[in-house]
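The values are calculated or read from the model by the stated rules, or taken from the named source; none is laboratory data. Since the model is a prediction, treat every value here as computed from it, not as a measurement. Don't worry about glycine lacking a Cβ; one is built from the backbone with ideal geometry, like all the others, and counts go over all protein chains shown.
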């Protein structure tokens, strides 16, 4: 990727949008924390005096020009984490991830349909994503299709910020492609599975799209002809947009000024646009590491103003269950960052909870005819402190095949299952007001069990203690408790490494349906077809094993539904391209020396002196290795070196697993330093 580029870069605008969410006092705190950040090697610190009077826009430009496109987002997120603004930091990273994910997932669509290739390449050159040589080489191709194919040959080597820039540039230069995408996905949601009712997708006044596109009303009165011969289908006019599943999005109309365009330019196609004047204040937004799109059919978030809380986590070692303890400092609405549970509390209180499963409390499980629709929790709270609880479910309501009137909250009381109708059903949660607590979870009465759409995950693990390149692929509902069970089992059995690829399927899957895993011809896949079933967390989850001699040429994996006789074969529901760099060698995990010391012990002095992003390392260790008291004591130290020294004072009591977690956190946040030390 080229360096340099325009200061009006998409990444700089994304930083501007993020900093705009800070109030005056918080922006001042951001500048103070920024001056304390020890940047990675090759970058200089920013003095407080140089940023004291800067506006959010000017500060975003400075961050971009000082740290460069690839590093400025990391620095901004580190500062936000150091301030305790985890949700805003995660929202920043989510926007990057969603834009990059769309570019990867939609490569075929974009290669075929992008029409303003000249303008796209020109902006990519101006933004520094393409070098002059790369730009000239692409434009030397004879057709737009060949030019886009040439561009996509470069994309795999780009980092996430460059892919986000590509997403932003494509959207602004080729609006009709994205209009077509929006229309196609909404029509699919309405007409799939025999649901033939029409959908009212409508606007009054100028239309605002993610990326800041503004399209006059007269463009929407009939089919719109676009360069390249594309047509955007006619879209009717009214005042609101109704979606399957009862979700309604208000429509913004009227003109927008430059500032509004800048802010809108950082909204993603995968999330609905909320006008700046209606943005939730500061941290009061339901965004975080586990929020966002569950599948391409569900681009919405539950914008209910829940404040994110990170719980204390105890246990989890030597077979003990993990217990979460969330402290709510006042009355309000909160979301647990680890479990997605939401609590509306009447007063300051503490709630404890654990993942569980029905068979632990009911010998025969839930009755026949019912299906599990979300994780089971064992919750303990002070009587009367919780006004309402929102339990996560993994049903895809957008597909329109789920009768939510048959949804229930199941409670286990004295060995019996009691059913209670939820007070409200939301896209990803079921709400129960004035709850009494016992083991509980969301279940659904289903007469058409195989056809119920489920938000799903594809988890991919590299098995270290196996021959050559051996992978395990799991297909599970989007249930964080089940994710943790799979992860623990893989690491216990094979010292496995989770491969960092987007796990969400493009569309929901169906229980009791067969799906095929495909790969290159030289790969051995066994079994190639996998039945999607829900197994409780006390059962070992089913998986497919994939074997390949090496990854020198990479490996393309995909998942698609097994077509029945007479059915047309569907597009892939999930796909990932693996490269050698995606799978680290086992030696990098915790390289021992002849002395028997762990890597983090061997390099103690250099790590104390050279580690940056200490706050992010501490957040990674919090609840897993560090107690709340230890975490707070370290954070209170004035310099990063003193924080690292105090952190090291706790290591004598750590086992190898804790030290491995420490090293993993260092590798994720200070990768250049770790590579340097490993090369010594």
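So which of 427, 450, 422 ends up being modelled with pLDDT under 85 and either surrounded by 18 or more Cβ atoms within 10 Å (Cβ to Cβ) or touching a strand residue (DSSP E or B) at 6+ places or on another chain (Cβ under 7 Å) (or both)? Of 427, 450, 422, the one residue that is modelled with pLDDT under 85 and either surrounded by 18 or more Cβ atoms within 10 Å (Cβ to Cβ) or touching a strand residue (DSSP E or B) at 6+ places or on another chain (Cβ under 7 Å) (or both) is 450. Scanning the stretch 515-560 for residues that are over 26 Å from the mean Cα position of the chain (by Cα), closer than 29 Å to residue 356 by Cα and touching a residue at least 24 places away in the same chain (Cβ under 8 Å) turns up just one, 538. Of all residues in the stretch 502-516, those satisfying the criterion of being more than 26 Å from residue 582 (Cβ to Cβ) and assigned to a strand (DSSP E or B) are 510, 513, 514.
Restricting 444, 432, 473, 397 to residues that are at pLDDT 90 or above, closer than 25 Å to residue 511 by Cα and under 28 Å from the mean Cα position of the chain (by Cα) narrows the list to 473. Residue count for the stretch 647-679 under the criterion of being over 26 Å from the mean Cα position of the chain (by Cα), surrounded by fewer than 16 Cβ atoms within 10 Å (Cβ to Cβ) and within 16 Å of residue 611 (Cβ to Cβ): the result is 5. Within the bounds of the stretch 573-580, is there any residue that is in a loop (DSSP other than H, G, I, E, B), out of contact with any helix residue (DSSP H, G or I) (no Cβ under 9 Å at 6 or more places or on another chain), more than 13 Å from residue 471 (Cβ to Cβ) and modelled with pLDDT under 85? No, that holds for no residue.
A quick yes/no check of all residues on (1) crowded, with 17+ Cβ neighbours inside 10 Å; (2) assigned to a loop (DSSP other than H, G, I, E, B); (3) at pLDDT 85 or above:
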site: 522; (1), (2), (3): no, yes, yes
site: 525; (1), (2), (3): yes, no, yes
site: 530; (1), (2), (3): yes, no, yes
site: 539; (1), (2), (3): no, yes, no
site: 546; (1), (2), (3): yes, no, yes
site: 551; (1), (2), (3): no, yes, no
site: 559; (1), (2), (3): yes, no, yes
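The criterion of being within 20 Å of the chain's Cα centre (by Cα) and farther than 17 Å from residue 114 by Cα does not hold for residue 132. For the stretch 383-398, the count of residues that are in contact with a helix residue (DSSP H, G or I) (Cβ under 7 Å, 6 or more places away or on another chain) and without any contact (Cβ under 8 Å) to a residue 40 or more places away in the chain is zero.
Kindly provide the set of residues from the stretch 35-58 that are out of contact with any helix residue (DSSP H, G or I) (no Cβ under 6 Å at 6 or more places or on another chain) and within 13 Å of residue 15 (Cβ to Cβ), ordered by number. Correct list: 54, 55, 58. Exactly one residue out of 385, 331, 381 is over 19 Å from residue 445 (Cβ atoms), over 26 Å from the mean Cα position of the chain (by Cα) and surrounded by 19 or more Cβ atoms within 10 Å (Cβ to Cβ): that is 381. Listed by position, the helices (runs of 4 or more DSSP H) enclosed by the stretch 1-110 that each have at least 1 residues that are buried (at least 23 other Cβ atoms within 10 Å of the Cβ) and in contact with a strand residue (DSSP E or B) (Cβ under 8 Å, 6 or more places away or on another chain) are 86-105.
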